[in-house]
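*Asks:* I am attaching a structure below and will ask some questions about it afterwards.
Rule-based calculations on the coordinates, nothing more; no lab input. Predicted model only: the values in this text are computed from it and were never measured.
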């Protein structure tokens, strides 16, 4: 499934999220190629099994990261060292309220992935950041396996950074007890916030 098709599916799910049967019909048609008319002809046990398998598939959060992606014969590489990403690129990414796969995702991908300029074994270099959205539409045709790999990589990285920061602050010997207590409460709140940002197709499927 391409990003364009996924975004269209998201819109349909929002439209039908209050109607369980309509939502199921949309999911089967878009993801399994079974239209509503044919779905009515399938026995109940098979539909239930297909629904279970689909839910299990859509709940997966382990997707490999693809550092280099080829689009129409041209290679694009993920910025090799995100800790050294250009300040302009950082500002353009953080201008979005949340990092999730929505209508802005192709623009984020266009910032993170640049044309590969050289390769040496498993290492590579990419073009510098040009601060332009030009060409972001190309990511709409790329499969969701690529997008999900990047999304969960960023999400896990964000969680790790928050956790490491809180743990490091808790270890400070000179911090008053009430400050450490506040950190514990803040850590739980931040974790909940990160989870709330993952409002994607998977969350809707489980509702």
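*Asks:* Given that compact globular proteins tend to follow 2.2 N^0.38 Å, what is the ratio of the alpha-carbon Rg of the range 1-123 to that value?
*Replies:* Computed over Cα atoms of the range 1-123, the ratio equals 1.41.
*Asks:* Using Cα centres only, tell me the gap between the range 55-115 and the range 1-28 in whole Å.
*Replies:* Taking the Cα centre of each part, the range 55-115 and the range 1-28 sit 23 Å apart.
*Asks:* Give me the percent relative contact order of the range 1-124, please, defined on Cα pairs under 8 angstrom at least 6 residues apart.
*Replies:* 18
*Asks:* Per residue, what volume in Å³ does the convex hull of the Cα atoms of the range 68-141 enclose?
*Replies:* Values: hull volume 7.2 nm³, N = 74.
Convex hull of Cα atoms, per residue: 98 Å³.
*Asks:* Here's another thing I want to ask about it. What is the extension gain from residue 68 to residue 52, computed as 0.36 nm multiplied by their sequence separation minus the C-alpha to C-alpha distance, in nm to one decimal?
*Replies:* The residue 68-residue 52 span can extend by a further 2.4 nm.
*Asks:* A further question follows. Across the Cα atoms of the range 3-58, what radius of gyration and what greatest pairwise Cα-Cα distance (Dmax) are found, in Å?
*Replies:* 11.2, 32
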